[in-house]
Structure formats: structure tokens, C-alpha cells
Amino acid sequence: MVRALLDLGQSELLVRAARERGDWNCAEAAARALAAAGEFDRALALLDPFTEIGWRAAEWVTAEVMISRGEADEALAMVRPDAAELGDGRVCARYAELLAQAGRTEEAVELLAPTSGSAGSGPTWWS
């Protein structure tokens with residue numbers, strides 16, 4: 001439904017649903033559409049209620065918007081995986097995507113490179 005509304009140019013309806021009903025799917029889609037249109041402040045405001053409660057998915061989308069707005073360092077710091085999360089391939093892949101979005105391709109490759117057993121190099125999930 002969200003995709004259909006976006007395709008029909010109804011992003012403001014999604015914004016309203018996100019605000020009035022607290023619908024995450026609407027907020028996520030609307031925030032991405034707003035960011036693509038250069039409306040970064042509105043996009044972040046829409047995500048704020050979800051990031052304030054520590055919703056990890058909202059933090060990832062917030063980081064995407066921040067990177068688009070030119071705040072890569074802050075965005076990456078906000079979602080940087082901790083030691084436990086480095087064991088999760090999905091988290092590492094998601095963080096590597098954001099690194100690449102921020103123009104830090106070498107760091108993304110290093111994060112995803114297989115480890116030769118030395119501590120601190122590559123993800124633990126690879127071996």
C-alpha cells in the first residue's frame with residue numbers, strides 16, 4: 001500500500017499517517033521521499049519519534065537522511081556497530097552500505113573483507 005501511495009504521488013498522505021497514527025512503514029517511506037526531495041528537516045522530524053525510543057530501524061533510516069544532508073560523520077557514529085553487532089552479517093552489510101553512501105568505500109570493503117584470524121580485521125561472521 002505504501003509503495004502504491006508513493007507511486008501515485010501521495011507522500012503527504014504518508015506523512016499524515018505517520019504523524020497521526022505513528023505508522024512506521026508510512027514514516028520510513030515518507031522520510032525517504034522527503035529526503036530525496038531535499039526536505040531533510042521534515043524527513044528527520046518524521047523519524048524523531050521512532051529514534052527517540054531507540055528503534056534501530058529508525059536509526060538506520062535517520063543515518064541515511066543525515067548522510068544525504070552531508071552529515072556523514074554524525075550519522076555513522078550514531079549507527080556504528082558495537083562489538084556484539086559486528087558478529088551479525090546483516091548489521092555489517094548495512095553499515096557498509098552507509099559507509100559507501102558516505103563515500104568511504106575503502107572502509108566498507110575493509111569491514112566486509114574476510115579475516116585472516118587477526119583481531120580487529122574483518123567481521124567475525126565471515127569466518
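The values are calculated or read from the model by the stated rules, or taken from the named source; none is laboratory data. Owing to the predicted nature of the structure, the values given are computational and were not obtained by experimental measurement. As a convention, Cβ positions derive from the backbone with ideal geometry for all residues, glycine included, and neighbour counts pool all protein chains shown. With ligands, DNA and RNA removed, areas are computed over all heavy atoms of the protein, side chains included. Shrake-Rupley method; radii C 1.70, N 1.55, O 1.52, S 1.80 Å.
Being touching a Phe, Trp or Tyr at 6+ places or on another chain (Cβ under 6 Å) and not β-branched (Val, Ile, Thr): is that true of Gly54 here? Here the answer is no, as Gly54 does not meet what is asked.
The condition of being more than 20 Å from Ala31 (Cβ to Cβ), part of a helix (DSSP H, G or I) and open to solvent by 70 Å² or more (accessible area, probe 1.4 Å) holds for Asp73.
Flag: Val91 matches the condition of being surrounded by 15 or more Cβ atoms within 10 Å (Cβ to Cβ), modelled with pLDDT under 95 and not acidic (Asp, Glu). With a requirement of 1 or more residues that are modelled with pLDDT of 90 or more, the helices (runs of 4 or more DSSP H) lying completely within region 1-58 that satisfy it span 11-21, 24-36, 40-52.
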